[in-house]
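The values are calculated or read from the model by the stated rules, or taken from the named source; none is laboratory data. None of the values given here were measured: they were computed from a predicted structure. Cβ coordinates were reconstructed from backbone atoms using ideal geometry, including for glycine residues, and neighbour counts include every protein chain displayed. For accessibility, only protein heavy atoms count, side chains too; no ligands or nucleic acids. Shrake-Rupley method; radii C 1.70, N 1.55, O 1.52, S 1.80 Å.
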Amino acid sequence: RVPEDGEVFRPGTIYVAPPDHHMLIGETQVVLVRGPKENRSRPAIDPLFRSAALFHPHRAIGVILSGMLDDGTAGLWALKNAGGIAVIQKPSDCMHPDMPRNAAMSTPIDYEIEAGLMGPLFQKLCASHSTPPPGGSAAGRELRVENAYATLEKVPREELEKLGTPSSLICPLCGGPLWRMKNGPRRFRCHTGHAFSAGTLLEDHREHTERAVAVLLRLLDDEVNLLEHVRENLGNNPEKTGDLDKAEAEARRRAELVRSLLPSDPPVTLSD
């Protein structure tokens with residue numbers, strides 16, 4: 001079921017995040033919030049897993065199933081690092097193996113299993129899960145700060161500066177500078193709270209590059225068309241159209257050069 005914000009979670013219930021909201025786990029309740037997008041998504045897996053690592057580190061089981069790119073990689077690392085259990089769907093069992101494969105590249109995986117065998121595994125894990133040690137829910141500063149971003153709390157700029165180092169990259173969502181986070185899988189976060197894995201940020205840059213090349217190509221094609229109209233108005237007098245012919249030929253040359261920059265083959269993903 002889709003929960004209400006602040007709803008006390010109950011055993012035996014599967015909660016599904018509503019559209020355009022991160023779903024987080026508190027000490028006893030489900031938290032829904034329109035926090036900053038992570039990996040260009042809302043809801044996203046990473047903030048959910050980090051909240052589980054923050055409040056229930058020794059009772060959490062993180063599972064990454066079939067999917068594209070790498071949302072969940074950083075969150076599973078945080079959950080496992082805090083004392084939880086990491087599970088992925090076996091890549092050979094996936095329609096889209098990127099997400100479990102990327103997660104396995106950064107996090108020691110406890111169980112790699114086919115989707116059809118996960119039910120009995122979860123029953124076994126839940127039945128055998130030991131009582132968390134006293135103080136087990138205490139988390140480091142990084143988890144608390146990143147969870148604060150997800151819940152729209154005001155985070156002092158200096159807190160981000162403690163967790164990452166400035167990069168030369170710009171956040172594609174708000175235009176602010178990105179910090180490279182020091183711990184875990186390679187990823188970036190801006191002061192507004194937007195977060196990106198390296199793979200997702202690369203995909204975003206590819207899309208922006210393709211869009212920019214397409215705009216440039218349209219402008220050059222328009223230039224060719226306008227020069228043709230001007231030349232037609234001047235008639236066939238070589239004395240009047242000579243320079244226009246040269247300009248048109250140059251515009252066509254540049255248009256073909258830009259057209260060759262448009263991608264024709266699918267890009268190689270980081271997991272390849």
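If you scan segment 2-43, which residues turn out to be among the charged types (D, E, K, R) and in contact with a Pro (Cβ under 9 Å, 6 or more places away or on another chain)?
Initial filter on segment 2-43 (among the charged types (D, E, K, R)): 4-5, 7, 10, 20, 27, 34, 37-38, 40, 42.
Correct list: Asp20, Glu38, Arg40, Arg42.
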Go through the residues of segment 58-67 one by one and say whether even a single one is under 19 Å from Arg144 (Cα atoms) and either in a helix (DSSP H, G or I) or open to solvent by less than 40 Å² (accessible area, probe 1.4 Å) (or both).
yes
Only unsatisfied item for Leu125, checking (1) in contact with a strand residue (DSSP E or B) (Cβ under 8 Å, 6 or more places away or on another chain); (2) more than 27 Å from Phe196 (Cβ to Cβ); (3) modelled with pLDDT of 95 or more, is (3)
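Would you pick out the residues in segment 49-59 that are among the hydrophobic types (A, V, I, L, M, F, W, C) and either under 18 Å from Ser106 (Cα atoms) or without any contact (Cβ under 8 Å) to a residue 12 or more places away in the chain (or both)? Break it down into steps so the answer makes sense when it comes.
Filtering segment 49-59 for residues among the hydrophobic types (A, V, I, L, M, F, W, C) gives 49, 52-55.
Passing the criteria: Phe49, Ala53.
In segment 196-210, which residues are among the polar types (S, T, N, Q) and under 12 Å from Leu262 (Cα atoms)? Don't jump to the end; show me each part of the working.
Let us first name the residues in segment 196-210 that are among the polar types (S, T, N, Q), namely 197, 200, 209.
Correct list: Thr209 only.
Quick one: would you say Pro134 is modelled with pLDDT under 95, in contact with a His (Cβ under 9 Å, 6 or more places away or on another chain) and outside any helix (DSSP H, G or I)? Please lay out each step first, then the result.
Details: modelled with pLDDT under 95: yes; in contact with a His (Cβ under 9 Å, 6 or more places away or on another chain): no; outside any helix (DSSP H, G or I): yes.
It is false that Pro134 is modelled with pLDDT under 95, in contact with a His (Cβ under 9 Å, 6 or more places away or on another chain) and outside any helix (DSSP H, G or I).
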Show the residue pairs that are 6+ apart or on different chains and have beta-carbon atoms under 8 Å apart, the first residue being within segment 205-224 and touching a residue at least 24 places away in the same chain (Cβ under 8 Å), the second being among the acidic types (Asp, Glu) and surrounded by 14 or more Cβ atoms within 10 Å (Cβ to Cβ).
Val224/Glu248
